[in-house]
Each structure stands twice: as C-alpha cells, then as structure tokens.
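Single-structure report; data block below.
The values are calculated or read from the model by the stated rules, or taken from the named source; none is laboratory data. Only a predicted model underlies this, so the values are computations on that prediction, with no experimental measurement involved. Don't worry about glycine lacking a Cβ; one is built from the backbone with ideal geometry, like all the others, and counts go over all protein chains shown.
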Amino acid sequence: MEEEKQYKVLLIGDSDVGKTSIVKRFSDDAFDEDILCTIGVEFKMKVVNVDDKDVTLCIWDTAGQEKFRALISSYYRGAHGIILTYDVTKRDSFNNLQYWLNEIETFSTRPNVVKLLVANKIDKENREVSREEGEEFAKKKAMFFIECSAKTKIGIQQAFEELAHKIMETPSLANESEVSKRKQKRPYTHRRKTRIYAPPSKHRASLTSFFF
Ligand code: GDP
Ligand code: MG
C-alpha cells in the first residue's frame with residue numbers, strides 16, 4: 001500500500017497581512033474580524049486531494065514573532081512549501097517581501113522549497129498593490145502567485161491545493177515527505193536532538209523556547 005504523504009508548509013510575511021486568517025479559513029472554514037494576536041505556535045493538519053491522492057499538509061503559522069522580525073531557523077527547517085503573504089491594501093507589506101525572501105534563503109533547509117506568493121485582502125476597497133505588480137514580483141523571484149481573501153474565501157482552497165500540487169510535482173521534495181523521513185535508520189529522537197543548534201543571533205535566542 002502506498003504511504004500517505006505529509007508535507008510541512010509554513011506561512012510568513014509581515015504582521016497583520018492575514019496569515020492566521022488564511023490558515024483559519026482553510027482549516028476551519030471560519031473568519032474572525034478581530035483576531036487579537038496569535039499566541040503560541042499555530043500548527044494545523046489538513047488533508048488535501050491532489051490528483052486523486054490524499055496529501056496531509058502540516059501548516060505552521062507564526063506566534064506573532066514576525067512583528068519583531070524574530071522567526072528562528074527551526075520554524076523554516078524542513079519546510080516543503082512556503083506561503084509568503086502580503087496585504088494588497090498595505091504597500092509596506094509588499095515592499096517587505098524581499099526581507100522575507102532573504103530569510104527563506106538563509107534558513108530554508110531545502111533549496112527547492114516551493115514558494116507561493118499570496119496577495120490577501122482583495123475584498124477590500126483601498127487597494128495599494130495591483131495584481132500586475134504582484135504577478136511581476138512573483139515571476140521575477142520564481143514564485144507562484146495567487147490573490148485571495150480570507151474573509152470571502154476566494155482563492156484560499158486553491159492556494160493550498162496549488163502549493164501541494166507543486167510540491168508533488170517536484171520529485172526531490174515529493175519523495176522526502178515527513179513519513180518517509182521517519183523510516184530512516186537513525187532513531188527519530190536522536191535526530192531531533194542533533195538538529196537543535198544555537199540560533200544565529202541574541203535577538204533570536206530569546207524566542208527559542210517557543211519552538212523546542
Ligand atoms: P497575521 O498577523 O498575518 O496573522 O494577520 P491576521 O490573520 O491576524 O489578520 C489581521 C487582521 O486582518 C484581522 O483583523 C483580520 O480579521 C483581518 N483580515 C485577514 N484577512 C483578511 C481578508 O482577507 N479581508 C479582510 N477584509 N480582512 C482580513
Ligand atoms: Mg498571525
């Protein structure tokens with residue numbers, strides 16, 4: 001019997017762009033007008049169907065540390081897919097995308113990790129970033145692109161399905177699912193221990209406990 005694939009997917013981008021809302025819409029089909037703040041690392045599992053195969057996505061959302069630019073390396077570690085998000089009504093969140101791409105470059109452990117650029121809040125009237133600008137940036141940086149609204153649902157399911165699809169299409173990623181990794185010879189507990197290492201800066205060190 002074919003084993004079920006399981007992939008790590010994470011969301012990054014500026015604070016308030018709607019990352020938590022996107023995950024909530026996708027996993028619980030719900031939306032909250034005033035999410036206070038994400039507390040603790042959010043971690044959701046959701047099964048999507050790709051080409052008639054069930055694939056489990058382990059979706060990691062930040063605990064709000066992105067506000068302080070302090071996501072640590074273990075958040076990124078082992079990710080198969082990354083959803084990079086901005087808010088179409090906040091140009092700053094678009095201008096900051098390069099910062100997040102640099103973080104991916106620094107911390108991602110898989111060079112071919114699939115990156116999806118998600119433009120959120122398209123239901124709002126006061127747009128500051130056009131669809132064309134988003135598309136162009138994504139193209140330039142070799143990312144896939146989708147516009148969505150966590151509020152109205154538009155594009156949300158499609159974003160995760162597309163991401164899962166692209167992961168499955170990348171053989172070196174598809175075959176390195178979490179499940180198959182556990183079958184490696186070294187015991188999992190031992191591997192976990194050896195994978196913990198000192199965060200790169202003092203700033204990051206203060207948040208380490210969130211993740212281990
Ligand atoms: P995060 O900091 O990136 O996780 O952002 P949140 O998910 O906490 O969302 C920040 C705020 O934006 C909240 O008040 C949400 O209700 C709101 N929000 C998120 N997505 C949308 C959307 O698609 N449309 C609208 N109108 N508001 C949204
Ligand atoms: Mg959040």
- line: Filtering the range 1-53 for residues that are within 10 Å of ligand 2 (Cβ to nearest atom), in contact with a strand residue (DSSP E or B) (Cβ under 8 Å, 6 or more places away or on another chain) and at pLDDT 90 or above leaves a count of 10
Residue within the range 126-140 that is touching a Phe, Trp or Tyr at 6+ places or on another chain (Cβ under 9 Å) and under 15 Å from Leu10 (Cα atoms) present: no
- request: Give the residues of the range 1-30 that are of a type in the set (Ser, Thr, Tyr) and outside any loop (DSSP other than H, G, I, E, B), sorted by residue number.
  value: Tyr7, Thr20, Ser21, Ser27
- line: Within the range 41-70, residues being in a loop (DSSP other than H, G, I, E, B) and surrounded by fewer than 16 Cβ atoms within 10 Å (Cβ to Cβ) number 4
statement: Of the conditions (1) at pLDDT 95 or above; (2) surrounded by 13 or more Cβ atoms within 10 Å (Cβ to Cβ); (3) not in a helix (DSSP H, G or I), the single one that Glu125 does not satisfy is (2)
field: Selection status of Thr56, among the hydroxyl-bearing types (Ser, Thr, Tyr), closer than 25 Å to Asp32 by Cβ, more than 16 Å from ligand 2 (Cβ to nearest atom) and touching a strand residue (DSSP E or B) at 6+ places or on another chain (Cβ under 6 Å)
entry: yes
message: Can you report the number of residues in the range 157-174 which are crowded, with 16+ Cβ neighbours inside 10 Å and without any contact (Cβ under 8 Å) to a residue 60 or more places away in the chain?
response: 2
- prompt: Tally time: how many residues in the range 147-156 are outside any loop (DSSP other than H, G, I, E, B) and either among the small types (Gly, Ala, Ser) or surrounded by fewer than 20 Cβ atoms within 10 Å (Cβ to Cβ) (or both)?
  reply: 1
